[in-house]
Amino acid sequence: MPPAPPESKRRCVYQNSHGNRRLFTDQSRTAAGGFDENVSPFDPNEAAIETWIESTDGFDRVERVVRRTREPRSTAEIADAAHVSESTARKHLGRLADLGLTLERRDGRVTRYERDEDHYLLERIQELQRTQTRAALVESIEEMRAEIDAYRREHGVESPEDLAIADEPADGSADPWGDVSEWLTTREQLAISRTALAYKRASALADA
């Protein structure tokens with residue numbers, strides 16, 4: 001059996017409740033709300049956690065916890081999630097900060113850490129630009145635009161923010177909260193895909 005391709009090269013199809021199917025790499029799929037087949041640091045399954053610990057080192061686990069963190073966390077919280085000591089977590093967090101992967105926030109006497117959103121956003125754009133063809137990006141963009149138009153027609157509002165504060169349908173015929181989440185995800189991925197396409201076009205012009 002041939003070896004599995006690197007994580008940045010693997011593909012999967014993400015399908016939402018409207019039936020739209022788009023090709024994403026694993027990292028983009030996770031960001032877009034799809035299923036991540038890799039072990040999560042927040043998985044409550046003890047066997048999965050043991051497998052994760054055995055197959056990674058402390059730095060990898062701390063980096064993965066930071067990557068999954070949306071809110072600032074203390075060293076103790078990150079150490080607990082990464083299954084390392086606080087001193088080890090502090091050392092690795094310092095290295096991640098030096099690499100520009102995490103930001104430090106002072107909260108009184110406590111230092112909290114969060115991922116650098118700009119770094120991970122650029123990483124996602126570059127990944128799509130590198131792994132997707134121009135035709136695939138164009139097709140995905142068209143599908144996402146159609147999906148957003150479908151949300152607008154279905155709910156009679158212009159944005160997911162409007163939908164979040166709209167009255168729920170009396171007949172219970174729609175799932176507005178589920179659609180708010182999917183709409184936000186689709187809008188974010190649309191912006192990223194458009195930027196990746198522009199990046200690819202600019203690179204082609206520069207190489208011409």
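Every number here is computed from the coordinates shown, using simple stated rules; none is lab data. Bear in mind that the values here come from a model prediction, so they are computed numbers and not experimental data. Methodologically, a virtual Cβ is constructed for each residue, glycine included, from the backbone with ideal geometry; neighbour enumeration extends over all protein chains shown.
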*For Ser74, residues with placed amide H under 5 Å, excluding near neighbours*: Tyr113
*Largest-first principal axis extents of the Cα set of the range 132-207 (Å)*: 57, 18, 16
_Can you work out the Karplus-derived ³J(HN,Hα) for every residue in the range 150-165? Use 6.51 cos²θ - 1.76 cosθ + 1.60 with θ = phi - 60°, whole Hz, and x for glycine or proline._
5, 4, 4, 5, 5, 9, x, 10, 9, 8, x, 5, 5, 5, 5, 9
*Once you have the Cα-Cα distance between Arg134 and Arg68, take 0.36 nm times their residue separation minus that, and quote the gain in nm to one decimal.*
20.9 nm
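List Tyr151, Tyr120 from most exposed to least, where exposure is judged by having the fewest other Cβ atoms within 10 Å. Could you put the intermediate results ahead of the total?
Values: Tyr151 22, Tyr120 15.
Result, fewest neighbours first: Tyr120, Tyr151.
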_Environment charge of Tyr199, counting only residues whose C-beta is closer than 14 Å and scoring Lys/Arg +1, Asp/Glu -1_ = +3
*asked:* Sort His92, His119, His83 by Cβ crowding within 10 Å, fewest neighbours at the top.
replied: His119, His83, His92
*Ranked highest first by average number of other Cβ atoms within 10 Å, how do 135-142, 180-187 line up?*
180-187, 135-142
*Quick one: Karplus J couplings for the range 90-106, per residue in order, coefficients 6.51, -1.76, 1.60, θ = phi - 60°, nearest Hz, x for Gly and Pro?*
4, 5, 5, 5, x, 5, 4, 5, 5, 7, x, 9, 9, 10, 9, 10, 7
